[in-house]
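Novice: Sharing a structure below in structure tokens format, with a few things to ask.
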Amino acid sequence: MRAAIFPPAAQHYDATSFINDLRGQVDAWRALPNPNVWLVTPETARLLQHWRHFRFNGVRPFFCQVEAAETAIWLTEVAPKRGKSGKAFLEHLANANAEANPELMRLALKLATGAGKTTVMAMLIAWQTVNAVQRPVSHFTHGFLIVAPGLTIKERLRVLQPNDPDSYYANRELVPTDMLPDIRRAVIVTENFHKFKLRERMELDTDGRDLLQGRGEALETLE
């Protein structure tokens, strides 16, 4: 979650003004008192109202956590329905992705250390899953791949599994009780990033590698 990939010198993104403009749009949208004009599904509207107004028995979601989820929701559900103003944000993200990493659309939500990124992940999973279950023919999903930066973090992320005893959805009351059966239909796979590294096709010690390589080009043994 903390890794940063910087674009080559030829690329230039004015991230600050884009982010500030986007936050302004989300602020104005959040201020709308009538859920009927939020341009989101009824399920999403319920979750938003729950996160903003529910009387939590424990710690309620922080503003930065709700804002992160709201931003993802705005870009996914609201922006496509806002005409040119919404389309401009989506085109900016699409162009940046096409230039930096073609064929893999990415959206980053940056939160400070200790802000509770796992809670945000649970909120996003809940939002997608509930909508996917209630609206099978849609752009929502109930399948998720989570890539952890280490085995310790992977173990901590078990709270994102709906059936875990410490599941955030129930224990932290992140969804209304009647939505929990829908959450249990989520399929969540958590893997450490090492699982995706190329493996050696043959076991070689240093001497064996030098012997096979000889004076030729570097020996390539990765799959």
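The values are calculated or read from the model by the stated rules, or taken from the named source; none is laboratory data. Predicted model only: the values in this text are computed from it and were never measured. Every residue, glycine as well, gets a Cβ built from its backbone with ideal geometry; the counts of neighbours run over all protein chains shown. Surface areas here come from the heavy atoms of the whole protein model, side chains and all, with no ligands, DNA or RNA. Shrake-Rupley method; radii C 1.70, N 1.55, O 1.52, S 1.80 Å.
Novice: Do the conditions hold for Lys84, that is, is it assigned to a helix (DSSP H, G or I) and farther than 21 Å from Ile183 by Cβ?
Specialist: Answer is yes for this residue.
Novice: Report, by residue number, each residue of the range 130-149 that is open to solvent by 70 Å² or more (accessible area, probe 1.4 Å) and over 16 Å from the mean Cα position of the chain (by Cα).
Specialist: Across the range 130-149, the qualifying residues are Gln134, Arg135, Pro136, Val137.
Novice: For Phe62, indicate whether it is open to solvent by 50 Å² or more (accessible area, probe 1.4 Å) and under 17 Å from Arg23 (Cβ atoms).
Specialist: So Phe62 fits the description; yes.
Novice: For residues that are part of a loop (DSSP other than H, G, I, E, B) and under 26 Å from Phe63 (Cβ atoms), scanning just the range 150-176, find the one that is most open to solvent (accessible area, probe 1.4 Å).
Specialist: Ranking the qualifying residues of the range 150-176, first place goes to Arg172.
Novice: Somewhere in the range 6-13, is a residue hydroxyl-bearing (Ser, Thr, Tyr) and either part of a helix (DSSP H, G or I) or modelled with pLDDT of 95 or more (or both)?
Specialist: No - not one qualifying residue is present in the range 6-13.
Novice: Report, ordered by the first and then the second residue, all pairs with beta carbons closer than 6 Å, sequence separation of six or more or different chains, a first member in the range 169-180 that is at positive phi, and a second member that is open to solvent by 10 Å² or more (accessible area, probe 1.4 Å) and modelled with pLDDT of 95 or more.
Specialist: Close Cβ pairs (under 6 Å, with a partner that is open to solvent by 10 Å² or more (accessible area, probe 1.4 Å) and modelled with pLDDT of 95 or more) amount to Glu173/Phe56.
Novice: Okay, next question. Out of Glu70, Glu103, Glu91, I need the residue that is among the acidic types (Asp, Glu), more than 26 Å from Ser167 (Cα to Cα) and either touching a Ser or Thr at 6+ places or on another chain (Cβ under 8 Å) or modelled with pLDDT of 90 or more (or both). Which one?
Specialist: Result: Glu91 is the single residue among Glu70, Glu103, Glu91 that is among the acidic types (Asp, Glu), more than 26 Å from Ser167 (Cα to Cα) and either touching a Ser or Thr at 6+ places or on another chain (Cβ under 8 Å) or modelled with pLDDT of 90 or more (or both).
Novice: Residue pairs, Cβ under 8 Å, 6 or more apart or interchain, first in the range 106-122 and more than 19 Å from Tyr169 (Cα to Cα), second assigned to a loop (DSSP other than H, G, I, E, B) and among the basic types (Lys, Arg). List them.
Specialist: Matching pairs, first to second residue: Thr113/Arg2.
Novice: Which condition number does Asn101 fail, the rest of (1) open to solvent by less than 80 Å² (accessible area, probe 1.4 Å); (2) closer than 26 Å to Phe63 by Cα; (3) without any contact (Cβ under 8 Å) to a residue 12 or more places away in the chain; (4) of a type outside the set (Val, Ile, Thr) being met?
Specialist: (2)
Novice: Tell me the residue from Trp127, Trp51, Trp74 that is crowded, with 20+ Cβ neighbours inside 10 Å, in a helix (DSSP H, G or I) and out of contact with any Phe, Trp or Tyr (no Cβ under 9 Å at 6 or more places or on another chain), please.
Specialist: Answer to the check: Trp51.
Novice: Output the residue which, of all residues in the range 177-223 that are out of contact with any Pro (no Cβ under 9 Å at 6 or more places or on another chain), among the hydrophobic types (A, V, I, L, M, F, W, C) and at pLDDT 95 or above, is surrounded by the most Cβ atoms within 10 Å (Cβ to Cβ).
Specialist: Met179
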